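Report on the following structure.
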Amino acid sequence: MEFYDRQEELRILHENEELSKEHASFMVLMGRRRIGKTTLLTKAFEGERYAYLFVSRDSEALLCGKFQRALEEQIGIHVYGSITRLRELFEVIMKESLQRHFTLIIDEFQDLYKVNSSSFSDMQDIWDRYHSRSKINLIACGSIHSLMKRIFEDNSEPLYGRPTSKMTIRPFTTAVLKQILSDANPSYGPDDLLCLYMLTGGVAKYIELLIDAGCTTKDKMLNAVCRQDSYFLSEGHDLLVNEFQGEYGTYFSILQLIASGLTRRSEIDGTLQKDAGAFLKKLDDDYEMISKLQPVLAKPGSKTSIYEIHDNFLRFWFRFIYPYQSLIERGQLKMLRKHIGEQYNQFTGRSLERYFQDKLMESGDYTTIGNWWDRSGKNEIDVVALNEFNHTGIIGEVERNPERLSMKDLKEKAAALPRNQFGGYKMDFKGFSLKDM
């Protein structure tokens, strides 16, 4: 698959690279695994002088040897003798940057902690001593979100306050997703686009796997997921086991419950037979894997809140793959594919809502977008999009079949919106269906 989008990210990377020719730059680049961070950096610096160092889980001495060879081959930093400590190697790099400009990318930066727990303290000391005279463009790239946040955003950590910029790589927008699918299959249908969005959520690696395999229709995509050699069958486990480490059992159980539709705290606690509050808080605040949703404009702490997995692929994986591991191990993949097909329309109802919510947010016309529901559960509105500056908005209903859209019913639901919160807004009513994708 060819390189798509990321123009703003490329612009920022190029600007930082230019600035670093006069003053040292230290960027933190974050994003979930498979989002395309390495591809972005390779594209940004092609033709430029840069070194790419990947932090593998080797001994410190062995990793230093790999780094030494990479530095000499890629940017000509000659190190005499054999360096066995990361501290010494980083000091050599910073001294070299006093003489000339270059870019240094350290990928999976957070794993330095496992190589030598004092690495970040050593880097702080060396950076503080040299950076004011340095011409280095240093990029620390990481994908384990909880660790990267702790390293750079916890004020008790040594590298807190050292970066000069931070950037998080987000999934492709709905417009880019449409462009990719259109280029691969000009005759694609709305359900093909919905399936691609539902499975990948705009994550570059997943899109690439499907597009390069010629899976550009709904049926081909779902068939690819259920193949015996499918990358997607183990991806959820591979993605999260390092993030959660020893505690992944409880987290996986909670995520499975949320994906299955048990989205309220009381339902989760009751099924687990334990207080899940601490786990839910970490999944939301530290791992940023779930969102605590409230009706639009609800007061903080509202008891009508629910939880949702905001990563599309993980929402799919915990609904259809993780609960059926024994089925997969026995090779009963046709049965799994049949089950997904039977549940597809119901499951993708929420995916369709999220697609239109994403699309509206990407338009730049709204400040707040979400759902609204009352405590009784009798009135639910699929899309509420508000512009809090000019007090305009959209109230929308989402249905797969446009014939099922009813503006009369939507207006009746909207009558239940609290006037003290929504009374000052001028609202338009709109229906969204597959054909509007």
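Just so it is clear, none of the values below were taken in a lab; they were calculated from the coordinates. Please read these numbers as outputs of a predicted model, since none were measured by experiment. Glycine gets a Cβ as well: all are built from the backbone with ideal geometry, and neighbour counts include every protein chain shown.
The amide H of Ala51, built 1.01 Å from its N in the peptide plane, has Thr103, Leu104, Ile105 as neighbours under 5 Å, considering only residues 5 or more places off or on other chains. If you plug the beta carbon distance of Ala175 and Lys114 into 1/(1 + (r/R0)^6) with R0 = 25 Å, you get a FRET efficiency near 0.05. Across all directions, the shadow cast by the convex hull of the range 233-330 built on its C-alpha atoms averages 6.6 square nanometres.
Restricting the calculation to alpha carbons of the range 1-127 gives Rg and Dmax of 14.9, 44 angstrom. Ellipticity at 222 nm from helices only: DSSP H runs of n ≥ 4 in the chain, each -39500 (n - 2.57), divided by the residue count, give -14000 deg cm²/dmol.
Kirkwood's formula applied to the C-alpha pairs of the range 363-436 gives a hydrodynamic radius of 12.8 angstrom. Per-residue packing, averaged as other Cβ atoms within 10 Å, sorts the ranges 37-45, 403-411 into the order 37-45, 403-411, beginning with the highest. Each label was represented as a point 7 Å from its Cα along the Cα-to-Cβ direction; for Lys282 and Asp428 these points are 4.6 nm apart. If the Kirkwood radius is taken over C-alpha pairs of the range 106-255, then at 37 °C and 0.692 mPa s the Stokes-Einstein diffusion coefficient equals 177 µm²/s.
Remark: relative contact order (the range 363-436) = 30 percent; criterion is Cα-Cα distance under 8 angstrom and separation of 6 or more residues.
Each label was represented as a point 7 Å from its Cα along the Cα-to-Cβ direction; for Gln7 and Ser187 these points are 3.1 nm apart. Annotation: the antiparallel percentage among DSSP beta bridges lying fully within the range 363-436 is about 60.
With the alpha-carbon atoms of the chain aligned to their principal axes, the span from lowest to highest coordinate is 77, 56, 51 Å, starting with the largest.
In this rough spin-label picture, where each label sits 7 Å from Cα along the Cβ direction, the Arg375-Glu412 distance is 2.4 nm.
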